[in-house]
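First the structure, in the form of structure tokens, and then the observations on it.
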Amino acid sequence: MSTYYQEREQVNPSELSLKVTNALKHLGEQRFALPPYSEHFQRWLKDVHGILREFETKLSDAVDEQYRSTTQKALTEVDVDLKKRVELEKTSAEASSSMQQQLTAIEIELTKVDNEYNKQSRDFRRRHERTSQELQHEIDELGRQRLKLLRRKSSLLDRIFRRSETKLEEKTSSFQSKKNALVDKKTLLRSELEKSRADHEIKRKRLLEEQKELRAKLATERENIHDDALEMRKRTCQELQRAVSEAVSRLLNPST
């Protein structure tokens, strides 16, 4: 049976300390472009642990109780803080999604309200146009009959019994009645269109106000999650840099 001996890699504590602290400094200044940040936080924590693990593996003699206490405290605090941020981000994302769905529903409702108003207005106009045309046709016909009576020469009996006058009065009365009805129809159309427009404006105003309020809330919600925890992560890395530097200093200068 043979025994293999692998010589331990020679490590320069000062060089390793500089390498580790520079890596931690880089991580402390790392920015994350866009939310959601949960995946960025997880990757960042993994990188921090990886750098410390490399230091602890290559220079295990420097890993004393003070180093472990300092790094454990810093890592625990940053882990708790990032978990809270991830949970807040999740809650905020759910709220934003809900508000976005409400906004979509309002936009659909606005389109529906506009389409219903336009259809109702067209129906009103078509119906009144059809009725008005019928009345106008009757008015034109009564006008022709009335004109014919005015031009016709009355017979002796017609003059005696005033038949022409009676017929003319009847046609004139009907003619005027139909004209009045036509005016009433136009007035009714204006009234119906005005009421329809007013109802439409009330519905549309209510929906637009809801839309404006939701958009403001959504903008605020999105602003709340635009925080990549830079300052907190930077402080954590500074604490870890200090822990590494002091651990190497104690290793190199045990008397101090």
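The values are calculated or read from the model by the stated rules, or taken from the named source; none is laboratory data. Computed from a prediction, not measured in an experiment: that's the story for all the values here. Backbone-built Cβ (ideal geometry, glycine too); neighbour counts: all protein chains shown.
Out of curiosity, is E77 acidic (D, E), closer than 30 Å to Q42 by Cβ and at pLDDT 70 or above? In short, yes. Quick check, is N22 modelled with pLDDT under 95 and of a type outside the set (A, V, I, L, M)? Against the criterion (modelled with pLDDT under 95 and of a type outside the set (A, V, I, L, M)), N22 does not qualify. The residue that is farthest from T76 (Cα to Cα), counting only those in region 18-45 that are surrounded by 14 or more Cβ atoms within 10 Å (Cβ to Cβ) and basic (K, R), is K19. Restricting the first residue to region 70-82 and requiring it to be under 14 Å from L240 (Cα atoms), which pairs with a second residue that is in a helix (DSSP H, G or I) and among the β-branched types (V, I, T) meet a Cβ separation below 6 Å and a spacing of at least six or different chains? Matching pairs, first to second residue: A74/T236; V78/T236. Looking across region 33-53, just one residue is modelled with pLDDT under 95 and acidic (D, E), and that is E39.
Just so you know, in region 233-252 the residues that are surrounded by 15 or more Cβ atoms within 10 Å (Cβ to Cβ) and among the hydrophobic types (A, V, I, L, M, F, W, C) include one that is modelled with the lowest pLDDT, and it is L251.
Scanning region 85-105 for residues that are loosely packed, with under 13 Cβ neighbours inside 10 Å and touching a Pro at 6+ places or on another chain (Cβ under 9 Å) yields a total of 0. Is there a residue being in contact with an Asp or Glu (Cβ under 8 Å, 6 or more places away or on another chain), more than 30 Å from A219 (Cβ to Cβ) and in a helix (DSSP H, G or I) anywhere in region 26-44? Yes, because at least one residue in region 26-44 is in contact with an Asp or Glu (Cβ under 8 Å, 6 or more places away or on another chain), more than 30 Å from A219 (Cβ to Cβ) and in a helix (DSSP H, G or I). Among what's in region 51-84 and is among the hydrophobic types (A, V, I, L, M, F, W, C) and closer than 27 Å to S38 by Cα, pick the residue that is surrounded by the fewest Cβ atoms within 10 Å (Cβ to Cβ). That would be V80.
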